[in-house]
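Since the structure comes first, as structure tokens, the remarks are kept for the end.
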Amino acid sequence: MILSSNTYALVAIVVFWFGSSVAALWWFEYRHWGSYSEQLITFDSQPIRDLYPILKKDALDRPLIVHFKDDDCPCERYRVAHVKQIAPVLLGTEQIVLSRHSSLLQGVTIPATPAVAIWDKQGALAYFGPYSSGMSCGEGFDFIDMVLGKLAQQENPQWINNQGFGCFCPW
């Protein structure tokens, strides 16, 4: 059986389309896949306490939330999705996003990202640590929602989540 040139062209187009689809899928999705090593990160609150006077502009009438991010960290995509998911909870807060190379962080050591710090209206540290208890942000117990709920009741939990287990990138 002899195949026509149209059949060869059609086969070439299908093979090219399939190969392009596989390459695009790998590029946009699977390149970030990896086995997460079971990282146990220890968060120290003293450097964060020293950061508040640098960040505070005026007296705050609402809690201050500082998001620590690293755009080169594959875990960052989970942080972004989680912050979008909890956006209604964050409405009554002042928020600052600091990246790894921010000049405000000179001399301040953050153990890993993604991480978050929350101060109450009086400037007392209410929380420092990971966003949630799961392997990545948004999984497990949501610490941000719990802390902001306590602050709304005029209670400062002063909770330093000393250890986090999950998807982190060391700083």
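Bear in mind that the values in this text are calculations on the coordinates, not laboratory data. From a predicted model like this one, the values you see are computed outputs, not experimental measurements. Neighbour counts are summed over all protein chains in view; Cβ atoms, including those assigned to glycine, are modelled from backbone coordinates with ideal geometry.
Over the Cα atoms, compute the radius of gyration (one decimal) and Dmax (the largest Cα-Cα distance, rounded to a whole number) for region 39-170, in Å.
13.5, 38
Pull up all non-local amide H partners of C169: gap of 5 or more, or a different chain, and H-to-H distance under 5 Å with H placed in the peptide plane.
T113
If you line up the long axis of helix 5-28 against the longest principal axis of the chain, both from Cα atoms, how many degrees apart are they, to the nearest 10?
Around 10 degrees separate the two axes.
Please give the residues of region 56-89, grouped as numeric ranges, whose backbone N is less than 12 Å from a label point set 7 Å along the Cα-to-Cβ vector of H101.
So the set is 71-72.
If one takes the longest principal axis of the Cα atoms in the chain, at what angle in degrees, from 0 to 90 and to the nearest 10, does the Cα axis of helix 143-152 lie?
Its long axis makes an angle of about 30 degrees.
Please compute one quarter of the surface area of the Cα convex hull for region 110-171 and express it in square nanometres. Write out the running numbers ahead of the final one.
Numbers: hull surface 15.9 nm².
So the Cα hull casts an average projection of 4.0 nm².
Could you check what % of the DSSP bridge pairs in the chain are antiparallel, to the nearest 5?
Values: 16 of 24 bridges.
Roughly 65 percent of the beta bridges in the chain run antiparallel, per DSSP.
Normalising by the residue count of the chain, find the relative contact order in percent from Cα pairs under 8 Å and 6+ residues apart. Kindly include the intermediate steps, with their values, before the conclusion.
Details: 254 pairs, mean separation 48.1, N = 171.
Computed over the chain, the figure is 28 percent.
Would you calculate a helix-derived [θ] at 222 nm for the chain, using -39,500 (n - 2.57) for each DSSP H run of n ≥ 4 and dividing by the full residue count, to the nearest 500? Please report the intermediate quantities before stating the final value.
Numbers: 5 runs with 58 residues, N = 171.
It comes out at -10500 deg cm²/dmol, rounded to the nearest 500.
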